[in-house]
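Participant: First the structure, which I've put down as structure tokens, then a few questions once you've had a look.
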Amino acid sequence: MIEQLLEYDTELFLFLNNLGTENWDGFWRIVTEKWSSIPLYIVLLILIYKHYKLKGTLVILVSVALLITAADQLANLFKYVLFQRPRPCRVETLQEAMRFVADGCGRYGYFSAHAANSMGAAVFLGLVLQKWYKYLPFLLLFWAVLTAYSRIYLGVHYPLDIITGMFFGGLLGWLFYILQQWGQRKFNKPAINDEYRR
């Protein structure tokens, strides 16, 4: 059963990966870079500060840092200890059938830390700001899916790497949102109450 699942995963990877063209390579190389999300994070930080003020913003920033750390460490555990599944760009039998667009190829790929981080941040920040911007969570989820898909496009992850990463990222995003709610109540209750009265 596992072998059949991995075979389907490889077939889906080749299909999605080969949808790419040279005209779009530059776009997806930018999407996958972490620095390309900096403008988005700056806008989100401004919105967070507007509604949560200094103490509330600090609680959120600490929560985000812990979230990213947890997602990275969990991905490393899966990659290097539990599964050690080679990335598609490391599989010799796939080289002639796939497009490899990335600058480099890591050793193991299950699961994708890119997908986990982007989905975790999208879920967490979407929940943090949804009271004031009801469509923002959907926009952030779309951004997370684009970031995750870029890893398949570039040839460095299988779809199963991405799906698993998005699942754990989304779960961690929700858990750390609950954690930061506790932090807001403990460290910033007056400011939050003032915000609710507006």
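The values are calculated or read from the model by the stated rules, or taken from the named source; none is laboratory data. This structure is a prediction, so every number in the text was calculated from the model and none was measured. Note that we place each Cβ from the backbone using ideal geometry, even for glycine, and neighbour counts take in every protein chain shown. With ligands, DNA and RNA removed, areas are computed over all heavy atoms of the protein, side chains included. Shrake-Rupley method; radii C 1.70, N 1.55, O 1.52, S 1.80 Å.
Participant: Within the range 43-67, which residues are open to solvent by less than 50 Å² (accessible area, probe 1.4 Å) and of a type outside the set (Gly, Ala, Ser)? Talk me through it step by step, then tell me what you get.
Facilitator: Within the range 43-67, the first condition is being open to solvent by less than 50 Å² (accessible area, probe 1.4 Å), and the residues that meet it are 44, 47-48, 51-52, 56-57, 59-60, 63-64, 67.
Leu44, Leu47, Ile48, His51, Tyr52, Thr57, Val59, Ile60, Val64, Leu67 - these are the residues of the range 43-67 that are open to solvent by less than 50 Å² (accessible area, probe 1.4 Å) and of a type outside the set (Gly, Ala, Ser).
Participant: Open to solvent by 10 Å² or more (accessible area, probe 1.4 Å), of a type in the set (A, V, I, L, M, F, W, C) and modelled with pLDDT of 95 or more: is that true of Leu139 in this structure?
Facilitator: Numbers: open to solvent by 10 Å² or more (accessible area, probe 1.4 Å): yes; of a type in the set (A, V, I, L, M, F, W, C): yes; modelled with pLDDT of 95 or more: yes.
Here the answer is yes, as Leu139 does meet what is asked.
Participant: Please work out which one of (1) open to solvent by 10 Å² or more (accessible area, probe 1.4 Å); (2) more than 9 Å from the chain's Cα centre (by Cα) is the condition Met166 fails and give its number.
Facilitator: (2)
Participant: Turning to a different aspect of this structure: Give the range 103-128 a look and list any residue that's part of a loop (DSSP other than H, G, I, E, B) and either open to solvent by less than 20 Å² (accessible area, probe 1.4 Å) or among the basic types (Lys, Arg) (or both), or say none. Can you show your working first?
Facilitator: Taking the range 103-128 and keeping what is part of a loop (DSSP other than H, G, I, E, B), we get 103-107, 109-112.
Arg107, Gly109, Phe111, Ser112, listed by residue number.
Participant: Of everything in the range 23-42, what is within 11 Å of Tyr153 (Cα to Cα) and open to solvent by 70 Å² or more (accessible area, probe 1.4 Å)? Give them in sequence order.
Facilitator: Answer for the range 23-42, where residues must be within 11 Å of Tyr153 (Cα to Cα) and open to solvent by 70 Å² or more (accessible area, probe 1.4 Å): Trp24, Phe27, Arg29.
Participant: Are any of the residues in the range 68-87 touching a helix residue (DSSP H, G or I) at 6+ places or on another chain (Cβ under 7 Å), open to solvent by 80 Å² or more (accessible area, probe 1.4 Å) and touching a residue at least 24 places away in the same chain (Cβ under 8 Å)?
Facilitator: Our first condition is that a residue be touching a helix residue (DSSP H, G or I) at 6+ places or on another chain (Cβ under 7 Å); within the range 68-87, this holds for 68, 70-72, 74-75.
So of that shortlist, the ones also open to solvent by 80 Å² or more (accessible area, probe 1.4 Å) come out as none.
No, the conditions are met nowhere in the range 68-87.
Here's the yes/no breakdown for (1) at pLDDT 95 or above; (2) within 25 Å of Val156 (Cβ to Cβ); (3) in contact with a Gly (Cβ under 9 Å, 6 or more places away or on another chain):
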residue	(1), (2), (3)
Leu44	yes, no, no
Asp72	yes, yes, no
Tyr110	no, yes, yes
Gly126	yes, no, yes
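Participant: So for the range 133-149 (the condition being in a loop (DSSP other than H, G, I, E, B) and among the basic types (Lys, Arg)), does at least one residue qualify? Full working, then the answer.
Facilitator: Going through the range 133-149, the residues in a loop (DSSP other than H, G, I, E, B) turn out to be 133-135.
In the following step, the residues that additionally are among the basic types (Lys, Arg) were identified as 134.
Yes, because at least one residue in the range 133-149 is in a loop (DSSP other than H, G, I, E, B) and among the basic types (Lys, Arg).
Participant: Checking Ser150 against (1) open to solvent by 10 Å² or more (accessible area, probe 1.4 Å); (2) touching a residue at least 60 places away in the same chain (Cβ under 8 Å); (3) among the polar types (S, T, N, Q), which test does it fail?
Facilitator: Failing condition for Ser150: (1).
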